[in-house]
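Chemist: Sharing a structure with you now.
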């Protein structure tokens with residue numbers, strides 16, 4: 001029949017037992033909201049990782065020294081090979097070779113000095129990252145100067161003690177917006193460097209990330225002179241000439257380094273990472289995280305779903321007698337099923353919609369330092385599952401009851 | 001020749017199977033003419049309720065044929081049986097069986113709603129049926145706000161609102177005090193006087209005394225069929241159109 005009639009009966013059924021309807025709705029609401037929020041937290045954190053990695057640029061390679069290949073200690077060919085694997089400034093220079101490495105654009109060796117304290121006019125600051133490098137590092141790392149000037153090749157060759165500081169360092173040392181730090185002399189672990197520029201903010205994108213503006217850049221030569229000594233470099237950044245030549249650049253770099261280090265690809269004492277591989281490693285980590293959160297949320301949705309099943313089963317069972325009455329006065333099977341179907345739809349769709357609302361609103365807040373990003377699939381999935389559960393466990397017992405002979409439904413206690 | 005209102009041939013009903021099988025109705029042949037007022041009496045377990053459920057198409061007999069207004073109910077599917085219950089049979093239960101938390105008016109409207117009668121007409125007819133049982137001023141009351149007698153009268157209004165051929169009542173006064181019993185019985189008398197066929201199950205002689213024909217059952221069989229002189233009614237005046245027309 002007569003959908004409207006069934007809808008009216010269904011609405012009466014819902015409102016006749018307000019408390020039970022509210023609890024059913026609440027069960028679905030919590031399940032759906034939990035899935036949406038937790039998946040959003042997972043997605044948000046992986047988004048944060050991706051964002052911070054994308055600043056590296058897509059066509060850079062990072063070369064690091066590693067412990068060497070499996071055959072490292074048993075290598076033939078002379079004692080010099082048994083030394084600790086090292087990357088040197090010379091390695092970096094060898095990579096700038098238009099003949100052997102046409103795909104390599106800029107190269108920047110990097111040294112890092114650890115636990116550096118900056119002092120100026122009585123103010124002191126513990127520097128997060130103190131990097132010694134070449135001028136090409138700036139463009140490689142997408143760095144620009146907010147105020148002052150960058151150091152240039154002349155500074156590098158002349159081993160001038162000049163420095164570029166991030167805004168966190170500058171603000172700590174001179175106060176205010178830090179711009180007045182330009183031109184000041186600052187002691188880094190006692191060695192005086194002249195600040196010639198302030199780096200443009202990289203920003204700290206979310207609470208649990210380290211401050212990317214707490215850093216100092218200086219010419220590698222000057223840093224080796226004063227803070228780190230003349231040993232190996234921590235890593236070498238290589239920029240391919242374009243995004244398409246990254247793979248070629250990687251091959252060229254490894255050929256040159258294999259030759260210089262007298263190793264083969266199996267015994268290589270260094271590793272090359274491109275931003276792609278870092279990204280995929282980080283992405284897979286955060287995906288695992290998202291899956292874990294999603295699993296927890298799915299369990300809560302499942303528990304909510306079981307609650308809904310329970311209430312729906314009880315509702316229909318305790319109304320078996322009512323179903324019998326309705327059949328006795330001439331209700332068709334479709335009338336009965338329709339009534340409970342609409343009732344289940346009202347409860348589960350309303351609960352699901354409220355859950356989506358709560359989930360989306362809840363995702364606007366920062367949760368444990370992560371800004372959640374609502375994933376559309378989680379909304380669709382959570383809503384769909386909750387509605388399906390509500391429908392199935394509303395319709396199935398109602399269908400069973402409607403199939404009873406009227407007298408059996410009437411006798412049901 | 002007129003078809004009888006009810007015609008039962010060799011109706012049996014067996015519950016359970018094998019050794020535990022119980023024969024609740026053991027072969028009943030019965031013909032009820034239009035406009036008759038029949039009382040079925042018997043101790044509990046005599047099969048009278050089971051017979052009533054068969055008459056009301058709430059249950060199907062194990063064997064035998066049951067014709068309602070000439071229509072063989074055994075040949076009908078679920079959908080047609082529901083239509084038959086809706087249009088041709090009004091059922092009054094001992095425990096009223098009103099839908100809880102639903103007003104008297106809405107309860108009476110229910111069979112009309114299932115019959116597809118719409119909005120305004122439905123309300124008017126339900127209202128008229130409640131007037132008929134003397135509850136015009138109780139339409140918006142919930143069953144829980146009505147006395148037993150009033151609830152039973154709502155149930156009767158619900159049973160007659162579709163103008164059924166047959167009014168079946170299963171111990172309609174069993175749960176009522178004597179005053180309410182009298183009201184309900186008078187109502188049945190009036191309805192019968194208007195030409196409705198009524199079959200009442202009861203174990204009270206007082207109730208049976210008001211009907212024109214008393215069937216006594218024992219062990220699933222009718223052992224006495226007594227027509228009372230002076231209570232016999234003239235055949236019904238109301239239309240006796242074939243049930244088949246409606247159900248088809």
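Yes/no matrix, rows are residues, columns are (1) within 17 Å of residue A:6 (Cα to Cα); (2) surrounded by fewer than 24 Cβ atoms within 10 Å (Cβ to Cβ); (3) within 14 Å of chain B (Cβ to nearest Cβ):
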{"residue": "A:289", "(1), (2), (3)": "no, yes, no"}
{"residue": "A:304", "(1), (2), (3)": "no, no, no"}
{"residue": "A:307", "(1), (2), (3)": "no, yes, no"}
{"residue": "A:317", "(1), (2), (3)": "no, yes, no"}
{"residue": "A:337", "(1), (2), (3)": "yes, yes, yes"}
{"residue": "A:341", "(1), (2), (3)": "yes, yes, no"}
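Chemist: A follow-up question, please. Tell me the residue from A:328, A:297, A:282 that is touching a residue at least 40 places away in the same chain (Cβ under 8 Å), under 30 Å from residue A:61 (Cβ atoms) and either within 14 Å of chain B (Cβ to nearest Cβ) or under 23 Å from the mean Cα position of the chain (by Cα) (or both), please.
Modeler: On the way: A:328 fails: under 30 Å from residue A:61 (Cβ atoms); A:297 fails: under 30 Å from residue A:61 (Cβ atoms).
Sole residue among the options that is touching a residue at least 40 places away in the same chain (Cβ under 8 Å), under 30 Å from residue A:61 (Cβ atoms) and either within 14 Å of chain B (Cβ to nearest Cβ) or under 23 Å from the mean Cα position of the chain (by Cα) (or both): A:282.
Chemist: Only residues that are over 20 Å from residue B:202 (Cα atoms) and in contact with a strand residue (DSSP E or B) (Cβ under 6 Å, 6 or more places away or on another chain): list them for the range B:14-53, please.
Modeler: B:14, B:15, B:16, B:21, B:22, B:23, B:27, B:34
Chemist: Within the group B:67, B:87, which residue is within 10 Å of another protein chain (Cβ to nearest Cβ), modelled with pLDDT of 90 or more and either touching a helix residue (DSSP H, G or I) at 6+ places or on another chain (Cβ under 9 Å) or buried (at least 21 other Cβ atoms within 10 Å of the Cβ) (or both)?
Modeler: Working: B:67 fails: within 10 Å of another protein chain (Cβ to nearest Cβ).
The match here is B:87.
Chemist: Return the total of residues in the range B:1-40 being assigned to a strand (DSSP E or B) and over 14 Å from the mean Cα position of the chain (by Cα). Spell out the reasoning first.
Modeler: Taking the range B:1-40 as the starting set, the residues that turn out to be assigned to a strand (DSSP E or B) are B:6-15, B:22-32, B:37-40.
Pick out the ones that are also over 14 Å from the mean Cα position of the chain (by Cα) and you get B:7-15, B:22-31.
Summing the residues that are assigned to a strand (DSSP E or B) and over 14 Å from the mean Cα position of the chain (by Cα) in the range B:1-40 gives 19.
Chemist: Also: Against the conditions (1) in contact (Cβ under 8 Å) with a residue 40 or more places away in the chain; (2) part of a loop (DSSP other than H, G, I, E, B); (3) surrounded by fewer than 20 Cβ atoms within 10 Å (Cβ to Cβ), where does residue B:164 fall short? Just the number, please.
Modeler: For residue B:164, the exception is condition (3).
Chemist: Limited to the range A:14-35, what total is found for residues that are buried (at least 23 other Cβ atoms within 10 Å of the Cβ) and within 12 Å of another protein chain (Cβ to nearest Cβ)? Before you say what the answer is, go through the steps one by one.
Modeler: Applying the first criterion (buried (at least 23 other Cβ atoms within 10 Å of the Cβ)) to the range A:14-35 yields A:24-25, A:27-29, A:31-35.
Filter again for within 12 Å of another protein chain (Cβ to nearest Cβ), leaving none.
So the answer is 0.
Chemist: Taking the range A:332-357 as the region of interest, how many residues are without any contact (Cβ under 8 Å) to a residue 60 or more places away in the chain and not in a helix (DSSP H, G or I)?
Modeler: 0
Chemist: Just the residues that are closer than 20 Å to residue B:82 by Cβ and surrounded by fewer than 17 Cβ atoms within 10 Å (Cβ to Cβ), please, taken from the range B:109-150.
Modeler: Correct list: B:116, B:118.
Chemist: Which numbered condition trips up residue B:206, out of (1) modelled with pLDDT of 90 or more; (2) farther than 18 Å from residue B:125 by Cβ; (3) in a helix (DSSP H, G or I)?
Modeler: Residue B:206 satisfies all of (1) modelled with pLDDT of 90 or more; (2) farther than 18 Å from residue B:125 by Cβ; (3) in a helix (DSSP H, G or I) except (1).
Chemist: Still on this structure, please answer the following. For residue A:217, state whether it is surrounded by fewer than 21 Cβ atoms within 10 Å (Cβ to Cβ) and in the same structural domain as residue A:92 (by TED's automatic domain parsing).
Modeler: Numbers: surrounded by fewer than 21 Cβ atoms within 10 Å (Cβ to Cβ): no; in the same structural domain as residue A:92 (by TED's automatic domain parsing): yes.
Considered against the rule, which asks whether it is surrounded by fewer than 21 Cβ atoms within 10 Å (Cβ to Cβ) and in the same structural domain as residue A:92 (by TED's automatic domain parsing), residue A:217 comes out as no.
Chemist: Among A:180, A:277, which is surrounded by fewer than 17 Cβ atoms within 10 Å (Cβ to Cβ) and outside the structural domain of residue A:139 (by TED's automatic domain parsing)? So that I can check it myself, show each step before the final result.
Modeler: Working: A:180 fails: outside the structural domain of residue A:139 (by TED's automatic domain parsing).
Result: A:277 is the single residue among A:180, A:277 that is surrounded by fewer than 17 Cβ atoms within 10 Å (Cβ to Cβ) and outside the structural domain of residue A:139 (by TED's automatic domain parsing).
Chemist: Among the helices (runs of 4 or more DSSP H) lying completely within the range A:167-272, list those that include at least 1 residues that are more than 24 Å from residue A:90 (Cβ to Cβ) and modelled with pLDDT under 85. Outline the logic, then answer.
Modeler: Values: elements: A:167-174, A:220-223, A:246-261.
The helices (runs of 4 or more DSSP H) meeting that bar are A:167-174, A:246-261.
Chemist: Same structure again: Among the residues of the range A:165-186, write down those that are free of Cβ contacts under 8 Å to residues at least 60 places away in the same chain and either under 32 Å from the mean Cα position of the chain (by Cα) or over 16 Å from residue A:213 (Cβ atoms) (or both).
Modeler: We begin by selecting, within the range A:165-186, every residue free of Cβ contacts under 8 Å to residues at least 60 places away in the same chain; these are A:165-180, A:182-183.
Within the range A:165-186, A:165, A:166, A:167, A:168, A:169, A:170, A:171, A:172, A:177, A:178, A:180, A:183 meet the criteria.
Chemist: Pairs under 7 Å by beta carbon, first residue within 12 Å of another protein chain (Cβ to nearest Cβ) in the range A:391-413, partner part of a helix (DSSP H, G or I) and modelled with pLDDT under 80, six or more apart or different chains?
Modeler: A:409/A:401
Chemist: Right, here's the next one. How about the range B:90-108: which of its residues are more than 15 Å from the chain's Cα centre (by Cα) and either at pLDDT below 90 or surrounded by fewer than 24 Cβ atoms within 10 Å (Cβ to Cβ) (or both)?
Modeler: Scanning the range B:90-108 gives B:99, B:100, B:101, B:102, B:103, B:105, B:106.
Chemist: To continue, here is another question. Residues that are within 17 Å of residue A:328 (Cβ to Cβ), within 9 Å of chain A (Cβ to nearest Cβ) and assigned to a loop (DSSP other than H, G, I, E, B): does the range B:109-131 have at least one?
Modeler: Looking for residues that are within 17 Å of residue A:328 (Cβ to Cβ), within 9 Å of chain A (Cβ to nearest Cβ) and assigned to a loop (DSSP other than H, G, I, E, B), one finds at least one in the range B:109-131, hence yes.
Chemist: Give me the pairs: first residue in the range B:95-108 and at the interface with another protein chain (Cβ under 7 Å from one of its Cβ atoms), second residue surrounded by fewer than 20 Cβ atoms within 10 Å (Cβ to Cβ), beta-carbon distance under 6 Å, and six or more apart or on different chains, which are they?
Modeler: Qualifying pairs under 6 Å: B:101/A:16.
Chemist: Take residue B:43 and decide whether it is surrounded by fewer than 22 Cβ atoms within 10 Å (Cβ to Cβ) and modelled with pLDDT of 90 or more. I'd like the intermediate steps shown before the answer.
Modeler: On the way: surrounded by fewer than 22 Cβ atoms within 10 Å (Cβ to Cβ): yes; modelled with pLDDT of 90 or more: no.
So residue B:43 fails the test.
Chemist: Out of all the residues in the range A:227-250, which are free of Cβ contacts under 8 Å to residues at least 40 places away in the same chain and either surrounded by 16 or more Cβ atoms within 10 Å (Cβ to Cβ) or more than 17 Å from residue A:275 (Cβ to Cβ) (or both)?
Modeler: Restricting attention to the range A:227-250, the residues satisfying the condition of being free of Cβ contacts under 8 Å to residues at least 40 places away in the same chain are A:229-230, A:244, A:247.
Selection gives A:229, A:230.
Chemist: Further, regarding this structure: Looking at (1) under 29 Å from residue B:176 (Cβ atoms); (2) surrounded by fewer than 22 Cβ atoms within 10 Å (Cβ to Cβ); (3) away from chain A (no Cβ under 12 Å); (4) touching a residue at least 24 places away in the same chain (Cβ under 8 Å), which is the one condition that is false for residue B:153?
Modeler: That leaves (2) as the condition not met.
Okay, residues lined up against (1) assigned to a strand (DSSP E or B); (2) out of contact with any helix residue (DSSP H, G or I) (no Cβ under 6 Å at 6 or more places or on another chain); (3) modelled with pLDDT of 85 or more:
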site	(1), (2), (3)
B:149	no, no, yes
B:157	no, no, yes
B:186	no, yes, yes
B:192	no, yes, yes
B:200	yes, yes, yes
B:216	yes, yes, yes
B:225	yes, yes, yes
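The values are calculated or read from the model by the stated rules, or taken from the named source; none is laboratory data. Here the structure is a predicted model, which means the values were calculated and not measured. A quick note on method: Cβ atoms are made from the backbone with ideal geometry, for glycine too, and the neighbour counts reach across all protein chains shown.
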